[in-house]
Amino acid sequence: MSENLLSLLNDSQKSAAEHIDGSLLILAGAGSGKTKTITTRLAYLISIGIDPASILTLTFTNKAASEMRERAFSMIDQASINTPPLLCTFHKFGLLFLKFHMSELGRKGNFIIIDTDDKKRIIKSIDKEITTSLLVSEISKYKNTLMSPAEAIAGAELKLYQQIALVYQKYQEYLLKNNLVDFDDLLLLPYEILKKNEKLAQQVSQKYQYIMVDEYQDTNELQYRLLRLLCATHNNLCVVGDDDQSIYGWRGATIKNILNFSEHFEGTKVVKLEENYRSTDTILNHANQLIEHNRDRLGKKLVGTRAKGDSIKVYESHDENEETRKIIDDIKALLDSGISAKDVAILFRVNALSRSLEEGFNKAGLNYKLVGGMKFYERAEIKDLIAFFRILTNSNDNFSLKRVINKPKRGIGKTTIDKLEAKSIQTQKPIFDLIQEFSADELAAIVGKKNSRTLKVFEASIMDLKDILTESKMKFLDAFEDTFDYRASYDNVPDGFERQGNIDEFYGYIRDYFMQNPHLELKDFLNEIALESENGEYNNEAISMMSIHASKGLEFKNLFIIGLEEGFFPLTGDGADIEEERRLGYVAITRAMDNLTLSFVHSRFYKGKRAILQKSRFLSESGLIKGSLTIEKQSNFKKGDLVQHKIFGMGRVQKATKAGKDYKLTINFGGTKRDILSSFVEKS
Ligand code: ATP
Ligand code: MG
């Protein structure tokens, strides 16, 4: 069994997978089998008798984790093991840890994770002067460099930073008071707990005797320190990574972690992998040409193992509509030829570029998944329901309470909410407790008689629902609807039908979750979806659309990368780091296995205006323009198509013939035939 597992690896990969005790670093380029090596190692360790429960494997995205799980578990004899090994994202690990150990910080276990959107709202409510996005990113930086609010305040020299540090302090107080946890806390709090409790750190470290980390180049200081604590009693840490794929510098990831790994962990064995098994030779060559423009790199060797393959296509379009059309035509042809949707993906550097694609896909009836797009959970009705459910699990959560205290409308206005909030600050009590503990008259003295009555009814309903929830998780959704008529509140309102569809989908999802996990609670569900929404859902049956960041570690037979224009990719402007942009380019191209198409446009509608754009420097740096490949313009027009010309108006195509790089169309405009280059007309 053990030998069989290793037979699928080359010699270097094998030497890494067989390595058991002591630190191990696998440093190698894209597609060289790093992930394959550690998933095989995981199965190998189990096959030689190591307890699966003592192995911890960490990665960055849910999608990468589920792919790894699939790969590893197919190699493990499931029947022979009791507990499966833990393989998850860093954040999920943090969540599991906090479930058991939050009390170490004197906090309750019923904490709730807030998402990026909630975080923005809270921060905005604390300070409206400074741009919210700046506050969000600076606070995240403090946390990821382990700086407490007190330290941030002490260290701030500029006035702006003094103010930011104060917002940080208030934000932390708010989270504490409402027992909320943000994404950074999922790593920071476990670190703090382990740091201050050496005995616990020893225990946890002893539990996880073997630790592996994929994509180590993207770890930051906090993740490194956490790993150190997890390795307090041993040195069995195996990490894999590629300096050329370090793409989270902006979030504080530090390439130093990988460069200094051998110094951080004594006696490290270093393994290099030099063959790429993923991409055709053509794709690999262009990826290599691109990354060679970076100066700041270790310069590894990476040679192909596959045949030359087809050339890379480059699409040039007038605008995003034409770009979308071309891609959709190609994808339809791929699907018609029997290729499965899961083997097709579209990547972009800037999330906003998905909008025109989504629109086009919806019109064309193509099934797609926006990975990491937070599409579903961002919808107002879903956020409302989540807020209701949060209050049921944690009535301290003022933030959620304020969101739904007047939903569906029950006459509680903003003034009332402000009064309640002021009282909550004054008495240091959550709003919900105030409503509960104050008598109707006391409450009426603050908000008036009518509101007092309404609030008391609301409170009683929540308490009843809490009881029903403890009694039966399956019954509680119906009871919730009976009590609040939330779904019914969308009867006869514009887009109510769609919203009710979302609500039904969400209820269905919750029921399914409890059916499959009868031992878990509503709060577990809420925390899990918080992580899911950050990382995107996972669905095998659809074409994937995602940012390049989200595509890390994945591979697709047929790949499209759109938006290769200066300003979009690479991002230019303030704070842009061109070497990191180029690494993103390298990551993007190396996701492709067989077919790759890159696309750029002359103009794009963005942030309310149409911008005129230049094609990306990455096209020439990777040798795709001028050199091995000429830009091939595909005719998207065929006989019979209706087209629109700026001057001649509507016409019908009679013939399309190749003319240089473009296509000449013979078009009949209301009886007059004209020959026009295809780039001057649009399909109508
Ligand atoms: P990335 O840097 O993009 O994360 P990686 O180094 O982790 O890439 P993998 O995803 O593990 O690479 O492997 C890339 C592809 O090559 C996979 O399809 C994998 O199955 C295949 N592969 C890896 N090693 C071998 C091998 N020894 N023989 C055949 N195929 C292999
Ligand atoms: Mg990988």
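Based on this model, can you work out whether Glu215 counts as more than 15 Å from Ala53 (Cα to Cα), within 23 Å of the chain's Cα centre (by Cα) and either within 16 Å of ligand 2 (Cβ to nearest atom) or assigned by the TED database to the domain that holds Lys141 (or both)?
It is true that Glu215 is more than 15 Å from Ala53 (Cα to Cα), within 23 Å of the chain's Cα centre (by Cα) and either within 16 Å of ligand 2 (Cβ to nearest atom) or assigned by the TED database to the domain that holds Lys141 (or both).
Can you give me the number of residues within the range 60-89 that are away from ligand 1 (no atom under 16 Å from the Cβ) and at pLDDT 90 or above?
3
What residue, among those in the range 652-666 that are closer than 22 Å to Thr324 by Cβ and surrounded by 14 or more Cβ atoms within 10 Å (Cβ to Cβ), is nearest to the chain's Cα centre (by Cα)?
The initial filter retains those residues of the range 652-666 that are closer than 22 Å to Thr324 by Cβ, namely 653, 656, 661-663, 665.
Checking which are surrounded by 14 or more Cβ atoms within 10 Å (Cβ to Cβ) leaves us with 653, 656, 662-663, 665.
Details: Val653: 44, Ala656: 43, Asp662: 39, Tyr663: 40, Leu665: 43 Å.
In this case the residue turns out to be Asp662.
When you check Asp214 against the structure, is it within 15 Å of ligand 1 (Cβ to nearest atom) and surrounded by 19 or more Cβ atoms within 10 Å (Cβ to Cβ), yes or no?
Yes: the conditions hold for Asp214.
Answer yes if at least one residue in the range 41-56 is in contact with a Cys (Cβ under 7 Å, 6 or more places away or on another chain) and more than 30 Å from Glu528 (Cβ to Cβ), and no otherwise.
No, the range 41-56 contains no residue that is in contact with a Cys (Cβ under 7 Å, 6 or more places away or on another chain) and more than 30 Å from Glu528 (Cβ to Cβ).
Hey, among the residues in the range 583-606 that are away from ligand 1 (no atom under 16 Å from the Cβ) and under 25 Å from Tyr277 (Cβ atoms), which one's surrounded by the fewest Cβ atoms within 10 Å (Cβ to Cβ)?
Our first condition is that a residue be away from ligand 1 (no atom under 16 Å from the Cβ); within the range 583-606, this holds for 597-606.
From what is left, the residues that are under 25 Å from Tyr277 (Cβ atoms) are 597-598.
Numbers: Thr597: 19, Leu598: 29.
Here the residue is Thr597.
Against the definition (away from ligand 2 (no atom under 16 Å from the Cβ), at pLDDT 80 or above and under 30 Å from Asp330 (Cβ atoms)), how does Ile503 come out, yes or no?
Taking the combined requirement at face value, the residue does not satisfy it.
With the checklist (1) surrounded by fewer than 23 Cβ atoms within 10 Å (Cβ to Cβ); (2) within 16 Å of ligand 1 (Cβ to nearest atom); (3) closer than 14 Å to Asn220 by Cβ in hand, flag the one item Thr254 doesn't pass.
(2)
Can you list the helices (runs of 4 or more DSSP H) lying wholly within the range 155-213 that have 3 or more residues being at pLDDT below 95, under 30 Å from Ile425 (Cα atoms) and not charged (D, E, K, R)?
Hits in the range 155-213: 159-177.
How about the range 402-494: which helices (runs of 4 or more DSSP H) wholly inside it have at least 2 residues that are closer than 30 Å to Arg511 by Cβ and outside the structural domain of Ala387 (by the TED database)?
Correct list: empty, since no element meets the threshold.
Scan the range 269-325 for residues that are out of contact with any helix residue (DSSP H, G or I) (no Cβ under 6 Å at 6 or more places or on another chain), within 16 Å of ligand 2 (Cβ to nearest atom) and of a type in the set (A, V, I, L, M) and report the count.
2
Considering only residues that are in a helix (DSSP H, G or I) and either at pLDDT 95 or above or of a type in the set (Asp, Glu) (or both), which ones fall in the range 564-580?
Residues of the range 564-580 that are in a helix (DSSP H, G or I), as a first pass: 578-580.
Across the range 564-580, the qualifying residues are Glu579, Glu580.
Which condition from (1) modelled with pLDDT of 90 or more; (2) in contact with a strand residue (DSSP E or B) (Cβ under 8 Å, 6 or more places away or on another chain) is the one that Leu531 breaks?
Every listed condition holds for Leu531 apart from (1).
For the condition touching a strand residue (DSSP E or B) at 6+ places or on another chain (Cβ under 6 Å) and surrounded by fewer than 19 Cβ atoms within 10 Å (Cβ to Cβ), what is the one hit in Asp343, Asp296?
Values: Asp296 fails: touching a strand residue (DSSP E or B) at 6+ places or on another chain (Cβ under 6 Å).
Exactly one residue qualifies, and that residue is Asp343.
So is Ile247 assigned to a loop (DSSP other than H, G, I, E, B), touching a residue at least 12 places away in the same chain (Cβ under 8 Å) and either within 26 Å of Leu87 (Cβ to Cβ) or within 16 Å of ligand 1 (Cβ to nearest atom) (or both) or not?
Yes: the conditions hold for Ile247.
Taking Glu215, is it within 30 Å of Val136 (Cα to Cα) and not polar (S, T, N, Q)?
Criteria met by Glu215.
Would the range 7-18 turn up any residue that is more than 14 Å from ligand 1 (Cβ to nearest atom), surrounded by 17 or more Cβ atoms within 10 Å (Cβ to Cβ) and of a type outside the set (Val, Ile, Thr)?
Looking through the range 7-18, none of the residues is more than 14 Å from ligand 1 (Cβ to nearest atom), surrounded by 17 or more Cβ atoms within 10 Å (Cβ to Cβ) and of a type outside the set (Val, Ile, Thr).
Restricting attention to the range 150-171, which residues are within 23 Å of Phe111 (Cα to Cα) and crowded, with 19+ Cβ neighbours inside 10 Å?
Within the range 150-171, Val167, Tyr168, Tyr171 meet the criteria.
State all residues of the range 547-563 that are of a type outside the set (S, T, N, Q) and either within 11 Å of ligand 1 (Cβ to nearest atom) or part of a strand (DSSP E or B) (or both); if no residue qualifies, say none.
Lys552, Gly553, Leu554, Glu555, Phe556, Lys557, Leu559, Phe560, Ile561
Can you tell me which residues in the range 21-48 are more than 15 Å from Asp214 (Cα to Cα) and free of Cβ contacts under 8 Å to residues at least 60 places away in the same chain?
Selection gives Ala43, Tyr44, Ile46, Ser47, Ile48.
Residues of the range 543-562 being over 16 Å from Ile327 (Cβ atoms) and away from ligand 2 (no atom under 15 Å from the Cβ), which ones?
Answer for the range 543-562, where residues must be over 16 Å from Ile327 (Cβ atoms) and away from ligand 2 (no atom under 15 Å from the Cβ): just Ser547.
Of (1) in the same structural domain as Ile46 (by the TED database); (2) within 20 Å of the chain's Cα centre (by Cα), Val136 satisfies all except one. Which?
Condition (1) is where Val136 drops out.
Does Asn285 satisfy the criteria of being buried (at least 20 other Cβ atoms within 10 Å of the Cβ) and modelled with pLDDT of 90 or more?
Criteria not met by Asn285.
The values are calculated or read from the model by the stated rules, or taken from the named source; none is laboratory data. A quick note: this is a predicted structure, and the numbers were derived from the prediction, not measured. Positions of Cβ are backbone-derived with ideal geometry, glycine not excepted, and every protein chain shown enters the neighbour counts.
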